[in-house]
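S.K.: One structure is given below, represented as structure tokens, and several questions about it will come after.
Readers should treat all values here as calculations from the given coordinates under stated rules, not as data from a laboratory. Please read all numbers here as calculations on a predicted model, not as lab measurements. Counting neighbours? That spans all protein chains shown, and the Cβs are built from the backbone with ideal geometry, glycine included.
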């Protein structure tokens, strides 16, 4: 056995000639130029009062940009808003998506209308759905009409997009609504990969539906749960378009998320150094969250 | 789920002035519905131009990122490259950096290459954004589904890594390449921040930028026009979905089971 592996290794080693590099290097050079270099550049910029333009000087600032970000109440609020958005939308869309997937798992072929209904929000552009929700959550919009006139649970029309938490609630509802379909798709694929004989064995042992879910289904789809958790959390930190269109970060920067605030600092306030420092901080936060999520899902075995 | 979508289409068919009437007219009589908003968009907005721009960006992004990420995926999965595990790790961790976070250095790079206000300025950077995830998915697929004995047999017959790439990897990884392509195709229909920074002239805008600019230009009130435009913008995506239904589910769910 060892010899076979050695032989294979030798063959592969022999093959590492100019052709190998021709396959490998173009992609690596592309990534180096368009992604790695900008990342390093951003890191450098975060220590300068960076100015662009002809004959512009960029004085060295040390950690001042980081201090500026971390003592800026709007930046802190933007980071809190982003965390709230992630903590609410990620589990909610996963739970609803999984619930729908469990419901329709047995059905062999869903009709086109149903499928289109769930996939439509997934494939529709964020720009389109955000505009739509802005219209629905307007003062004289559909949401207020349902709450005030149809259900009668609210007396006065709510100014949804006019204050921090109600605007964020609208954005989170949009996020969940758009995300359910994707979660449903991936959980459906995962459920269909669970071996059927596990359920048959559980039936023989007289397991309840709840037991089957917690002892068979959930452990079997653990990989998918982790994948969704990580991807959606990264996605939540990448939120830009829904907030940019729903509120533009207003009123008074109350509803900024990290990326809308960074965009504002870059293009409106022209604080390049500040936004580079903010970018570094966000990237650091995403890394921490990802490591934390992998730690949680790995450490605490669901089974 | 579909209620908001239904409401959008109905509002697109209503006269602009009636879109602000309270209570909202959820089931309007057919008599007040017409296609005048659509007519307005077609006559007053470069809609077809925006659509072609978006399609061009989408196809080029799919093509470029498909070539680059399949080459990288093949390298990482099979080729004997010193330190490839570390390099792969670095490429994967790029996914943790929000695309928009790099907007300043990438914008400087784009101006350096004179790519601002050009569609290629969007295409090249979109490609750079999607490469890590595409490479991750394709590498996983190659490792799990294509036996390396096939490579060996090609080498025995005197073939090179090029032969393997063209005659083994590309055809056999095609389901995964299709899935990745779908994701990358949808991206230009979605992305706003970068395209809005790069595409300044009206005639080269992609749909997300054009829609958002139109909305702002019409004092954020002409909902009839806005929804006519968004409804039209959805049509190509829906056609795309109907044509590729089979690959869509694998496209959206790829990478998820292995985790």
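S.K.: With 10 angstrom as the radius, rank A:182, B:120, A:165 by how many other C-beta atoms surround their C-beta, starting from the fewest. Could the numbers behind the result be given before it?
M.R.: Values: A:182 24, B:120 15, A:165 12.
Least crowded to most crowded, the residues run A:165, B:120, A:182.
S.K.: Per q in 0.08, 0.15, 0.17 Å⁻¹, report the Debye log10 I(q)/I(0) for region B:3-253, using one uniform scatterer on each alpha carbon and no solvent.
M.R.: The Debye formula, applied to the Cα set alone, gives -0.42, -1.08, -1.24.
S.K.: I've got another one for you. Kindly list the residues of region B:30-49 that lie in the label zone of residue B:17, defined by a backbone N under 16 Å from the point 7 Å along the Cα-to-C-beta vector.
M.R.: B:32-34, B:36-37
S.K.: Still on this structure, I have one more. Which whole number gives the average, over all residues in B:19-26, of C-beta atoms from other chains lying within 10 Å of the residue C-beta?
M.R.: Partner Cβ neighbours, averaged per residue: 5.
S.K.: Here's another thing I want to ask about it. Quick one: order A:42, A:231 by neighbouring beta-carbon count within 10 Å, fewest to most. It would help to have the intermediate numbers written out before the result.
M.R.: Working: A:42 24, A:231 17.
Lowest to highest Cβ neighbour count: A:231, A:42.
S.K.: Right, next: I want to check the label-to-label distance for residue B:153 and residue A:114. Put each point 7 Å from Cα in the C-beta direction and report it in nm to one decimal.
M.R.: With each label point 7 Å from Cα toward Cβ, the separation is 4.3 nm.
S.K.: Turning to a different aspect of this structure: To the nearest Å, what is the center-to-center distance of region B:98-123 and region A:138-187, using C-alpha atoms only?
M.R.: 35 Å
S.K.: Using Cα pairs under 8 angstrom and six or more residues apart, how large is the relative contact order of chain B, in percent? Could you put the intermediate results ahead of the total?
M.R.: Working: 252 pairs, mean separation 84.2, N = 259.
Computed value for chain B: 33 percent relative contact order.
S.K.: Sticking with this one: Suppose a student asked you for the relative contact order of chain A, using Cα pairs under 8 Å spaced at least 6 residues apart; what percent would you report? Provide the component values of the computation, followed by the final result.
M.R.: On the way: 298 pairs, mean separation 84.0, N = 303.
RCO, chain A: 28 percent.
S.K.: Of B:34, A:205, how do they rank once you tally other Cβ atoms within 10 Å and put the fewest first?
M.R.: Details: B:34 12, A:205 9.
By the 10 Å Cβ count, ascending, the order reads A:205, B:34.
S.K.: Suppose R0 equals 35 Å. What FRET efficiency, 1/(1 + (r/R0)^6) with r the Cβ-Cβ distance, do residue A:95 and residue B:216 give to the nearest 0.05? Walk me through the numbers before you get to the answer.
M.R.: On the way: r = 36 Å, r/R0 = 1.03.
After rounding to 0.05, the efficiency reads 0.45.
S.K.: Taking the simple approach of a point 7 Å from Cα along Cα-to-Cβ for both residue A:287 and residue B:40, what is their distance in nm?
M.R.: It works out to 5.1 nm between the two label points.
S.K.: Which percent of Cα pairs goes in each bin when the distances of the protein assembly as shown are cut into 10 angstrom slices starting at zero?
M.R.: Distribution as computed: 3, 16, 25, 27, 18, 8, 2, 1, 0 percent.
S.K.: A follow-up question, please. Regarding region A:61-299, what is the average projected area of its C-alpha convex hull, in nm²?
M.R.: Mean projected area for region A:61-299: 16.6 nm², to one decimal.
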